[in-house]
Amino acid sequence: MPVINGWRSSEELMSYLGAPYRFIGPDVDYRWFENYLNNRSNTIRCCVCEDGNAKPLCLVTLAGIDWVSRNCELHIMVGNDENRGKGIGSFAVKKMIEHAFLDMNLRRIELTVLEDNARARHLYEKFGFQYEGIKRKAKYKHGRYVDMRLMALLKSDWLAGRGSNNTIS
């Protein structure tokens, strides 16, 4: 929890995400995690750690799972700058897609990403996420309102493309 609390309190990291920057004290994150543990019926959080080391590198989440409509929202946070661009995010997204579609039998994963976050958009497009629209001026970042891009991946599209280059081995 101390590592994740540091990430969630990082102005630099939050600049890449839809969430606002704000100081989050450790007590808030401990309550956040306890709430997750008590309400796991519609949220799955996974932490990617280094081999042989419990130090978290990335947090990836399937949130708002709708068991009737069989869909959810994907969130990802690669904590430290030195861990970005090393395939950790790709690994996490790949594993969560597989878990959502193959183990949980969900049929749709959606997400929102800052319109100007080209690196994240590229990651999602690599796995077959499709552009569905813009949530105009949806988030307040760095003193201005910015657009969020809505993207989604359908299980049928993912299964159809599985042997192609939209998945990573």
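What to note about this one:
- Lone qualifier among ILE97, ILE109 - being among the aliphatic types (A, V, I, L, M), assigned to a helix (DSSP H, G or I) and either at pLDDT 95 or above or buried (at least 17 other Cβ atoms within 10 Å of the Cβ) (or both): ILE97
- Enumeration of residues in the stretch 64-89 that are touching a Leu at 6+ places or on another chain (Cβ under 8 Å) and not in a helix (DSSP H, G or I): ILE65, ARG70, ASN71, CYS72, GLU73, LEU74, HIS75, ILE76, MET77, VAL78, GLY79, ASN80
- Restricted to the stretch 38-53, and to residues there that are exposed (fewer than 10 other Cβ atoms within 10 Å of the Cβ) and closer than 23 Å to ILE109 by Cβ, the residue that is modelled with the lowest pLDDT is ASN39.
- In the stretch 1-20, the residue that is modelled with the highest pLDDT out of those that are in a loop (DSSP other than H, G, I, E, B) and in contact with a strand residue (DSSP E or B) (Cβ under 8 Å, 6 or more places away or on another chain) is LEU17.
- Residue list for the stretch 37-63, restricted to those being assigned to a strand (DSSP E or B) and not β-branched (Val, Ile, Thr): ARG45, CYS46, CYS47, CYS49, PRO56, LEU57, CYS58, LEU59, LEU62, ALA63
Matching residues to (1) at pLDDT below 90; (2) closer than 25 Å to PRO56 by Cα; (3) assigned to a loop (DSSP other than H, G, I, E, B):
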residue	(1), (2), (3)
PHE91	no, yes, no
TYR131	no, no, no
ASP147	no, no, no
ASP157	no, no, no
ASN166	yes, no, yes
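- For ALA118, the conditions (1) at pLDDT 95 or above; (2) within 24 Å of ARG84 (Cβ to Cβ); (3) exposed (fewer than 15 other Cβ atoms within 10 Å of the Cβ) are fulfilled apart from (1).
The values are calculated or read from the model by the stated rules, or taken from the named source; none is laboratory data. Keep in mind it's a predicted model, so treat the numbers as computed, not measured. Note: ideal-geometry Cβ built from the backbone for every residue, glycine included; neighbour counts use all protein chains shown.
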